[in-house]
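J.: Just dropping this structure here.
The values are calculated or read from the model by the stated rules, or taken from the named source; none is laboratory data. Because the structure is predicted, anything quoted here is derived from the model rather than measured. When we count neighbours, we look across all protein chains shown, and the Cβ atoms used for this are built from the backbone with ideal geometry, even at glycine. Areas reflect the complete protein model, heavy atoms only, side chains present, ligands, DNA and RNA absent. Shrake-Rupley method; radii C 1.70, N 1.55, O 1.52, S 1.80 Å.
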Amino acid sequence: MSRGPEHPGIPEDPSARVIPRRNVRALCARLRSEGKRIVFTNGCFDLLHAGHAQYLRRAAALGDVLFVGLNSDASVRRLKGEGRPVQRAADRAYLLASLSCVSYVTVFPEDTPARLIGEVIPHVLVKGGDWKGKTIVGSDVVRAHGGAVKTIRFLPGRSTTSILARAADVRRKDPGSSGGRTGTSRSPHAS
């Protein structure tokens, strides 16, 4: 299966930018040898929203390559609780890779990206503004290699948790909005 565009003007298949974990170290070493400034961030990115898009665009502006570490499904469940993630890792990775500002995505199974950061060794480690003044996982590794650690302010009022809460509230107020057939009324022409 071809990963490039089959027709002019059609973008590359985003899945080509989802990198298996075993290939991360070699890829990042090649990028550094080419003089690329690597920016790294990580997260669950369960329901991609405008806050994520703005954050990732700002992170990408800090270098040449934006590498996103994505928590695995099991990791998200341990961090966020039962019922999460809403979307499986393969879908979340594909959506992230579809963003023009994201260069590469890889899924990591640990609860923190510490080991992955040690493999990427980014020039810039980025986290959201809620981490300002806190110890950012991997910051020691990045600084030991001469890199920088930055925080980026979030777009107010946007979060996966708040979106899920609003959706649950809408559903409570309108129980008939199941998104599908409820089974109580059936057309005589339905098969």
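J.: Looking at PRO156, PRO122, can you tell me which residue is modelled with pLDDT of 70 or more and closer than 20 Å to THR41 by Cα?
T.: Being modelled with pLDDT of 70 or more and closer than 20 Å to THR41 by Cα holds for just one of PRO156, PRO122, which is PRO122.
J.: Kindly list, by first and then second residue, each pair from a residue in the range 16-45 that is over 15 Å from VAL65 (Cβ atoms) and assigned to a helix (DSSP H, G or I) to a residue that is of a type in the set (Ser, Thr, Tyr) and open to solvent by less than 30 Å² (accessible area, probe 1.4 Å), limited to pairs with Cβ atoms under 8 Å and residues at least 6 apart or on different chains.
T.: Between residues of the range 16-45 that are over 15 Å from VAL65 (Cβ atoms) and assigned to a helix (DSSP H, G or I) and residues that are of a type in the set (Ser, Thr, Tyr) and open to solvent by less than 30 Å² (accessible area, probe 1.4 Å), the close pairs are ARG21/THR106.
J.: Could you list, in sequence order, all residues of the range 110-129 that are open to solvent by 10 Å² or more (accessible area, probe 1.4 Å) and assigned to a helix (DSSP H, G or I)?
T.: Residues satisfying the conditions are ALA114, ARG115, GLY118, GLU119, GLY129.
J.: Output the residues belonging to the range 89-108 that are surrounded by fewer than 22 Cβ atoms within 10 Å (Cβ to Cβ), in contact with a helix residue (DSSP H, G or I) (Cβ under 6 Å, 6 or more places away or on another chain) and not hydrophobic (A, V, I, L, M, F, W, C).
T.: TYR94, SER98
J.: Moving on to the next point. Can you say whether LEU48 is touching a strand residue (DSSP E or B) at 6+ places or on another chain (Cβ under 6 Å) and outside any helix (DSSP H, G or I), as far as the supplied structure shows?
T.: Against the criterion (touching a strand residue (DSSP E or B) at 6+ places or on another chain (Cβ under 6 Å) and outside any helix (DSSP H, G or I)), LEU48 does not qualify.
J.: Answer with yes or no whether CYS28 is touching a helix residue (DSSP H, G or I) at 6+ places or on another chain (Cβ under 9 Å), at pLDDT 95 or above and closer than 20 Å to ARG143 by Cα.
T.: yes
J.: Would you say ARG58 is in a helix (DSSP H, G or I), open to solvent by 60 Å² or more (accessible area, probe 1.4 Å) and at pLDDT 95 or above? Step through it out loud before you land on a result.
T.: Values: in a helix (DSSP H, G or I): yes; open to solvent by 60 Å² or more (accessible area, probe 1.4 Å): yes; at pLDDT 95 or above: yes.
Spelling it out, ARG58 is indeed in a helix (DSSP H, G or I), open to solvent by 60 Å² or more (accessible area, probe 1.4 Å) and at pLDDT 95 or above.
J.: While we're here: Within the range 179-189, identify whether any single residue is among the β-branched types (Val, Ile, Thr) and modelled with pLDDT of 95 or more, and answer yes or no.
T.: no
J.: Same structure again: Among the residues of the range 18-56, how many are β-branched (Val, Ile, Thr), within 15 Å of the chain's Cα centre (by Cα) and over 18 Å from GLN87 (Cβ atoms)?
T.: So the count comes out to 3.
J.: So if I check each of GLU34, GLU12, which one is charged (D, E, K, R), at pLDDT 95 or above and at negative phi?
T.: Criteria check complete, one pass: GLU34.
Yes or no, residue by residue, for (1) open to solvent by 10 Å² or more (accessible area, probe 1.4 Å); (2) farther than 19 Å from GLY129 by Cα:
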residue: GLY9; (1), (2): yes, yes
residue: GLU12; (1), (2): yes, yes
residue: ALA26; (1), (2): yes, yes
residue: VAL39; (1), (2): no, no
residue: CYS44; (1), (2): yes, no
residue: GLY51; (1), (2): no, no
residue: VAL76; (1), (2): no, yes
